[in-house]
Amino acid sequence: MKLSHVIESQQFTVPLIMELCDRAKDMERIVARGGTLDYQNKIMAALFYQPSNRTRLSFESAMHRLGGRVVSTDQANMFSSEVGGERLEDTIRTISEYADVIVLRSSQKGGAARAAEVSRIPVINAGDGSGGQHPTQGLLDLYTIIRERGTLDGLTIAMIGELSEGRTARSLAYLLSKFDRVKMYFVSPPELQMKPDILEYLDRKNVWYSVESQLEDVVSKVDVVYLTQIRPGRLAGQEHLQNYVVDSSIVKNMRSDAMVLHPLPRTLELDKTVDEDPRAFYFQQARNGIFVRMALLTMLLD
Amino acid sequence: MKLSHVIESQQFTVPLIMELCDRAKDMERIVARGGTLDYQNKIMAALFYQPSNRTRLSFESAMHRLGGRVVSTDQANMFSSEVGGERLEDTIRTISEYADVIVLRSSQKGGAARAAEVSRIPVINAGDGSGGQHPTQGLLDLYTIIRERGTLDGLTIAMIGELSEGRTARSLAYLLSKFDRVKMYFVSPPELQMKPDILEYLDRKNVWYSVESQLEDVVSKVDVVYLTQIRPGRLAGQEHLQNYVVDSSIVKNMRSDAMVLHPLPRTLELDKTVDEDPRAFYFQQARNGIFVRMALLTMLLD
Amino acid sequence: MKLSHVIESQQFTVPLIMELCDRAKDMERIVARGGTLDYQNKIMAALFYQPSNRTRLSFESAMHRLGGRVVSTDQANMFSSEVGGERLEDTIRTISEYADVIVLRSSQKGGAARAAEVSRIPVINAGDGSGGQHPTQGLLDLYTIIRERGTLDGLTIAMIGELSEGRTARSLAYLLSKFDRVKMYFVSPPELQMKPDILEYLDRKNVWYSVESQLEDVVSKVDVVYLTQIRPGRLAGQEHLQNYVVDSSIVKNMRSDAMVLHPLPRTLELDKTVDEDPRAFYFQQARNGIFVRMALLTMLLD
């Protein structure tokens, strides 16, 4: 299936997601047996306007696992020592001449789409500003669930935390809406709840969802507890925040085959007492991110 | 032909430039057909005392296209977390023991020459301070012209913008002076004109040049319009600056086979309405920079 | 011999040091004849919480000389553009899923040990805070001496400079204490002398040492003069500092087969008049660092 750029969750159809997950599984097998892939002539340019080691190093490791090469900056605004920055479009046109694929962390919503318009090589959106998208995170979340459950159809999920500004929860909600009989609980203090644009989208797609503010009631009902960071200072009182913390006392109410996911990094919302629970899958998510990004890179470079 | 270091434009004779351009053409062919080169055991160290992604990533991509390896910093002053920086000479001696070639962006004029004096491995000057040199930019400019025109002899060129401090225009003027019957127009507001050292050099070499302040008269007469950035705040009035802006209305007066070059990044002096004109070669320059730097690296490493 | 992590000098027994030195010698031979090693599927993650180009680029070059791959940051605290940093343990668990070995420069004493506790892949301590350790520096110091002298038994060494906070001198003292009949002179202004913890350790191990404040008396008696930086502002008067400067007039009193070592960078304590003396081995140390780090990486990755 043809893939030109990876810009937003909406572009991923169910067949494309399933092909991606199949490829990711292949990648996992190849890496496990120490096999090599044939991308040694390909260069990935990682252009980060904000440093984000987690995402940058994941993409870079993925490219290396493919046998490929990387050039990289996390000060993408310093394009020249004389003039400093330049228009995003000029930077992208230039990097198009240096590399074979661009991984872009923009500081502006819509930056990846603007880049894709002028780029001569594929662009992957690695996050574009607050309220923007981070589609590869959503895709690796899906892969992590499929890898355990076999399917996304019929999934019941609780998304918990700062949903209003969370790129990852927003991307995941978009993506999950494409599968059959998915149920979503959005658990958040009212001031940080999922924004109307997503809720209206789910309404149009006839996806079942429920806006909640109590954690305890929900966790026992779901297949997946998906946590996202609550940034310091976003909630008035610490006590209030305590109502949204998942620790071992919360996890013990979950089903034995349920999963706790978190895109990381965490602040207080996910207690380290959960780390050794077999239902904790958040470091596995980090691992799966390598395979999903390898798979995406092959789909763009082939 | 033997090449030990790349420090300044003056060191490049015409035969050396022609060999470099031949090698660059070879590199372009090899990359186009997906061929591989045999530098997998060679390490290039990119030592940047000021961040300049354009130059750094170009060199790094060039080394990767050769099959080689890269270690890199754009905080070359942070040599130790305890002491911070150290004498340039000590840093270079140390890096000489780590790598096979050094690409140096110094913050001081003459830094590259000082580095070459103590280095045990080849040093390439990737820009050494305001008023200093940036010879590989000049070489890729030459290659871009030769690639289209076949020769530099008889070339008529207009250099436009902030010529007084512009490393790239200065390097290019030096290099072009070596070819036969080259004519140069320097078009700039008087306060930003080419400095006497270059003009006296051209006088000594009997190179035809003309110092101009009007853009319109000149552009229709030349093979190449070479633009350089005018840094914000360098000109008193915005209206005054308007007289040095090249846009589609200026370009339409150029010959049909003429070329617009710009080392990038641009500010206001080059309007994006020119981008789709077939005479716009500034992104092609970025592309050619990879091949010229590949060629230089092979000449230093062989 | 099995090696899981490289955290502190104390973990290195004499047989382990000797195996490491043998391997380092092999690495030197392989690099000299342009041979290749078979680590092309291995990824080293360089996680630096403080920039230190000397150490980072040395490890990265070592990994490249092995044929391996590198992902790298010297802003390891910028793990996410939204939240910034995270607990060291979470970062290490995540990077464990991306790479095959971690090189960690922590800003906190004990950081490397904490990392090793949670990491699923080997961790190498590349410096952990003021007063902490930097064991690979000590190991390359040992290798540099063995490479010339053939053995460490019976070595007489003077350590000079700011010994109180110097990680390198502290690591070296620990390591040398394991060999037979080693004698150590600690030459330093009283306020910067070696701390009691090391002296007590040497007492317990029955190692001969002498605390000195006069340079001239000592240098003629030793096989190795080991200098370390005196950080600016650590000594009250410049004149006082002069008493601890090694220059050619000091070196001429050394034995003809003695060695001057310095981990670099230097400030005033080592004059450049020594650089061309055949007893100057500090740039050779930098070179040897590559081979020792290659050897360590193979011991961890095999």
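The values are calculated or read from the model by the stated rules, or taken from the named source; none is laboratory data. Just so it is clear, the structure is predicted and the values come from calculations on it, not from any experiment. Don't worry about glycine lacking a Cβ; one is built from the backbone with ideal geometry, like all the others, and counts go over all protein chains shown. The protein model used for the area step is the full one, side chains on, heavy atoms only, and it has no ligands, DNA or RNA in it. Shrake-Rupley method; radii C 1.70, N 1.55, O 1.52, S 1.80 Å.
Hand me the trypsin sites (Lys or Arg not before Pro) from the stretch A:272-302 located in a DSSP loop with no more than 12 other Cβ atoms within 10 Å, in residue order please.
Filter output for the stretch A:272-302: empty list.
Going 7 Å from the Cα of B:Lys195 along its beta-carbon direction, which residues of the stretch B:134-153 have the amide nitrogen within less than 16 Å of the resulting point?
Answer for the stretch B:134-153: B:134-135.
Using a 1.4 Å probe and counting only protein heavy atoms, arrange B:Tyr49, C:Tyr185 so the residue with the most accessible area comes first.
B:Tyr49, C:Tyr185
Suppose you put the label 7 Å out from Cα in the Cβ direction; list, shortest first and in nm with one decimal, how far A:Lys109 is from each other copy's label.
With the label placed 7 Å along Cα→Cβ, A:Lys109 yields 4.8, 4.8 nm.
Can you work out the FRET efficiency for the pair A:Ile30 and B:Thr13, with r the C-beta to C-beta distance and R0 = 56 Å, to the nearest 0.05?
0.65
What accessible area, in Å² to the nearest ten, does a 1.4 Å probe give for A:Lys221?
Looks like 90 Å² after rounding.
Label-to-label distances across copies for B:Asp153, with labels 7 Å out along Cα→Cβ, in nm, shortest first?
Inter-copy label distances (nm, one decimal, shortest first): 7.5, 7.5.
I need the inter-copy label distances for C:Thr273: point set 7 Å along Cα to C-beta, values in nm with one decimal, smallest first.
Here the equivalent label points are 6.8, 6.8 nm apart from this one.
Calculate the FRET efficiency for C:Ser213 and C:Arg120 from the Cβ-Cβ distance with a Förster distance of 30 Å, rounded to the nearest 0.05.
The calculated FRET efficiency here is 0.05.
Please say if the protein assembly as shown is rounded, prolate or oblate, where rounded means a/c under 1.5 for a ≥ b ≥ c the square roots of the C-alpha gyration tensor eigenvalues, and otherwise the choice is prolate for a/b larger than b/c and oblate otherwise?
Oblate, since a/c reaches 1.5 and b/c is not below a/b.
Which of the pairs A:Lys2/A:Lys109; B:Lys221/B:Lys272; A:Lys205/A:Lys272; A:Lys272/C:Lys2; A:Lys195/A:Lys221 have their Cα atoms more than 29 Å apart in this structure?
A:Lys205/A:Lys272; A:Lys272/C:Lys2
Taking amide H atoms as placed 1.01 Å from N in the peptide plane, list the residues 5 or more away in sequence, or in a different chain, whose amide H sits under 5 Å from that of A:Ala280.
The list, which skips near neighbours in sequence, is A:Val260.
Quick check: pseudo-label points 7 Å beyond the Cα along Cα→Cβ at A:Lys109 and C:Asp275, how many nm apart are they?
Distance between label points: 5.6 nm.
Taking every DSSP beta bridge that has both residues in chain A, what percent is antiparallel when rounded to the nearest 5?
Rounded to the nearest five, the antiparallel share is 5 percent.
Hey, what's the Kirkwood Rh for the stretch B:109-236 if you take every pair of different alpha carbons, in angstrom?
Over the stretch B:109-236, the inverse of the mean reciprocal pair distance is 15.4 Å.
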